[in-house]
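A short write-up of the structure that comes next.
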Amino acid sequence: TCTEGMAFITGGAFDGRVVRAFCLDRTEVTVVDFRAHASSESFTRSQSPSIPGPNFCNAARADRDRHPINCVDWDQAREYCSAIGKRLPTEWEWEWAARGRDGGRTYP
């Protein structure tokens, strides 16, 4: 059973791996959501662009509070997930869901 806002992804096998059924958020984490649950250190780091260029990081722009958070590393993402009682998907879960392997959908 998945919590509200999450999709149930059935398990299966591909590339010699078995993926168990899991739940995955239906939408990306927004800047507002990340700000509400991440530590102040993580949020400050998320405002620093990892790729040079103006306006790259959504958290650094006041007009992008409802945009997906970007410019975060794996540890920051893990910290956020832990704070809201969830976890990051494994590499194989992510691949399974992104390719729509659970239902053969054209647009997963």
Quick one: count up the residues across region 5-29 that are touching a residue at least 60 places away in the same chain (Cβ under 8 Å), open to solvent by less than 40 Å² (accessible area, probe 1.4 Å) and not in a strand (DSSP E or B).
1
Find all pairs meeting these conditions: Cβ atoms under 8 angstrom apart; at least six residues apart or on different chains; first residue within region 62-77 and on the phi < 0 side of the Ramachandran plot and open to solvent by less than 80 Å² (accessible area, probe 1.4 Å); second residue assigned to a loop (DSSP other than H, G, I, E, B) and acidic (D, E).
P68/E28; I69/E28
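The values are calculated or read from the model by the stated rules, or taken from the named source; none is laboratory data. What you see is a predicted model, and the numbers here were worked out from it, not measured in a lab. Don't worry about glycine lacking a Cβ; one is built from the backbone with ideal geometry, like all the others, and counts go over all protein chains shown. Only protein heavy atoms, including side chains, enter the accessible area calculation; ligands, DNA and RNA are left aside. Shrake-Rupley method; radii C 1.70, N 1.55, O 1.52, S 1.80 Å.
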